[in-house]
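Right, one structure below, let's go through it.
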Amino acid sequence: MTSPKMVASGKFTNFNKNTVYVIPVTKKSDKLVLGATPIETSALTTLDLSSVGVSVELEQLVRLPAPNGATYALVGVGQKDLSVHDLRNLGAAVARKLSSFKDIVIGLPTKDAADTTAIFEGAALGTYAHNAYKGLTKGTEIKLQTVTVITSHKPSAAALNQINVLAEGVNLTRDLVNMPGRDLYPESLAKAVQSAAKGSGVTVQIWAEDRLAKEGLGGILGVGQGSSRGPRLVKLEYKPKVGKKHLALVGKGITFDTGGLSLKPSISMLGMNFDMTGAASVAAATIAIAKLQLPIRVTAWLCIAENMPSSTAQRPNDVIKARNGMTIEVLNTDAEGRLVLADGLSLASEAKPDYIVDVATLTGAVQIALGNRHAGLMGDQEAVDIVRDAAEEVGELVWQLPLATDLRSLIESDIADIANVKMGNTAGGTIIGGLFLNEFVGNRAKGETDNIKWAHLDIAATAHNAGSAYGVVPKGATGSHVRTLVAIAKRIG
Ligand code: BES
Ligand code: ZN
Ligand code: ZN
């Protein structure tokens, strides 16, 4: 899906047939009024706005006839100054709701080029539809080709390029995540990433089972052994000539999570094709970072497996050995994300990167703790601060949870170095997931200190939007936090 063409035009000239013109609606002393706009609105002056259902609420939109066979779209912009985040969401909502038009002309107030950029970015992120599996019924057809913002504040060519690169990355993530497990399995995910990376400057290595065994990746192999479609590790590398810092990204890539022999109830299994969002997100972000030629070395490790129950599946009480030598007693085969990430974090640590950020749909508990809009964030404070600031900058939501070391004793094992869960314990599930992962960063399992700064993003609740679209977030796979990852690379590099 390509983003609509973005045009910043100095002034409004006239109305074109079949084009929709976006006008802001605000309130003045409790009365609905049109906001300042460069678009001609004399046709609306006698109109009683409240009688046609116009609202001041952000993203609320009403269509009315405009001169020359054109259309007005009156959109609520609230009563406060609009932040770039508001403008990005408005751009997205407007583009989505008006995507049956080929041309949208936006007359929202912009005070600088960043405001205009935000509107365009929203429009690029908002026009996403997942139609690949519609057969006889039609999906949401997107006809939108051009979004024009009437403004004297034009974004630079670099800013426009960045919007396209980011939207490509976010939409790649959404496309992969929305695929059913029937079609997206470890090998096909690895190949899809490889083909998306072509021409970006990112090198791709795919390790199949023999290599996984040779490298001692007991976590990925253990989780993948129940499926006839074997596991993979994908290593992406971007090494620019300039840039001293090294960022490692690690992603959970479970192409379908049945729970394994600790089988999920049928209702909880629905949506488990989204369990590879972490891997798709770090891949898409790495490719975007390379396309933007950011001055930072990035290595991404995608830990990919299908978690199935079968006679070859790992059993509860099995003990596996992760890449760093640590043995893990698998008490619950449904806590598989941490097993594959154990290998990914160990591998990532070996090159001693400055930062490691892992991204995973790790725990259902994060939804109970934080709801569906914030990703859970844990780790070393220096890395956590960077992730939080990056997320804030791009308008994505994260919330820090404590890595409460007191809880570490819950996952002691009688027979191995660590257990993957505390059976029967539901308290602090997301934190326990984070504590488990911490053991595989650097040489922490041996009690040694390291210079790696690590952060963990639990995106189990934000990867998928079961409700209707809002702001830049569509229904289904959201692609959230891909832009955060790129912003992290900018901050570190
Ligand atoms: N993939 C799930 C986490 C998940 C749950 C993602 C809901 C998206 C929505 C993960 O592998 C899992 O099953 N986690 C278990 C952990 C538990 C066994 C400690 C969970 O959350 O129940
Ligand atoms: Zn699971
Ligand atoms: Zn899972």
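The values are calculated or read from the model by the stated rules, or taken from the named source; none is laboratory data. This structure is a prediction, so every number in the text was calculated from the model and none was measured. Quick reminder, even Gly has a Cβ in these numbers, built from the backbone with ideal geometry, and neighbours come from all protein chains shown. We work out accessible area using only protein heavy atoms, side chains counted, and drop any ligands, DNA or RNA first. Shrake-Rupley method; radii C 1.70, N 1.55, O 1.52, S 1.80 Å.
Averaging 1/r over every pair of different alpha carbons in the stretch 5-155 and inverting the result gives a Kirkwood radius of 15.6 Å. The apolar share of the surface of the chain, taken as the fraction of accessible area on carbon and sulfur atoms (1.4 Å probe, ligands and nucleic acids excluded), comes to 50 percent.
Applying 1/(1 + (r/R0)^6) with R0 = 51 Å to the Cβ-Cβ distance of residue 443 and residue 111 gives a FRET efficiency near 0.50. Excluding residues fewer than 8 places away in the same chain, name every one of the lysines whose C-alpha is closer than 21 Å to that of residue 11. By straight Cα distance, residue 11 reaches 102, 111, 154.
Reducing the stretch 125-182 and the stretch 365-384 to their Cα centroids gives an inter-centroid distance of 27 Å.
Separation of the stretch 456-493 and the stretch 91-106, taken as the distance between their Cα centroids, equals 22 angstrom. Summed over the residues of the stretch 162-492 and divided among them, the accessible surface reaches 37 Å² per residue at a probe radius of 1.4 Å. Taking amide hydrogens as placed 1.01 Å from N in the peptide plane, the amide H of residue 32 sits under 5 Å from that of no residue at least 5 positions away in sequence or on another chain. Shape class for the stretch 367-466, computed from the alpha carbon gyration tensor (a ≥ b ≥ c): oblate, with a/c not under 1.5 and a/b at or below b/c. Couplings 3J(HN,Hα) of the stretch 58-66, computed from phi: 3, 6, 6, 9, 10, 9, 9, x, 10 Hz, in residue order, whole Hz [Karplus 6.51 cos²θ - 1.76 cosθ + 1.60, θ = phi - 60°; x for Gly and Pro]. Helical content alone sets the calculated 222 nm signal of the chain at -9500 deg cm²/dmol, taking -39,500 (n - 2.57) per DSSP H segment of four or more residues and averaging over every residue. Our estimate of slack between residue 81 and residue 51, defined as 0.36 nm per intervening residue step minus the Cα-Cα distance, is 8.3 nm. Helix 277-291 and the long axis of the chain differ in direction by around 60°, with both axes built from C-alpha atoms.
Note that the stretch 5-155 presents 49 Å² accessible area per residue, ligands and nucleic acids not counted, probe 1.4 Å. Sequence-ordered 3J(HN,Hα) estimates for the stretch 319-332 from the Karplus curve with 6.51, -1.76 and 1.60 and θ = phi - 60° stand at 10, 10, 10, 7, 3, 7, x, 6, 8, 10, 8, 8, 7, 9 Hz, glycine and proline given as x. The length gained on full extension between residue 410 and residue 245, counted as 0.36 nm times the residue separation minus their Cα-Cα distance, comes to 55.8 nm. Backbone amide hydrogens, once placed in the peptide plane, bring residue 398 within less than 5 Å of 375, excluding anything fewer than 5 places away on its chain. Note on the chain: Cα-only Rg and Dmax are 24.0, 80 Å. Counted residue by residue at 0.36 nm each, then reduced by the alpha carbon distance between them, the extension gain from residue 270 to residue 318 reaches 14.6 nm.
Helix 186-197 and the long axis of the chain differ in direction by around 50°, with both axes built from C-alpha atoms.
Counted by Cβ distance under 14 Å from residue 397, the other residues give a net charge of -1, where Lys and Arg count +1 and Asp and Glu count -1. What is the helix-to-structure angle for 157-178, meaning the angle in degrees between its Cα long axis and the longest Cα principal axis of the chain, kept from 0 to 90 and rounded to the nearest 10? Orientation of helix 157-178: about 60 degrees from the principal axis. Amide H contacts for residue 258 (H built 1.01 Å from N in the peptide plane; partners 5 or more residues away or on another chain; cut-off under 5 Å): 307. Legend: residue pairs 191/264; 244/291; 138/475; 352/446; 245/475; 239/352, Cα-Cα distance threshold 25 Å; pairs beyond threshold, 191/264; 245/475. Distance between the 7 Å Cα→Cβ label points at residue 214 and residue 131: 4.5 nm.
Our summary gives the stretch 5-155 a relative contact order of 32 percent, counting only alpha carbon pairs under 8 angstrom and 6 or more residues apart.
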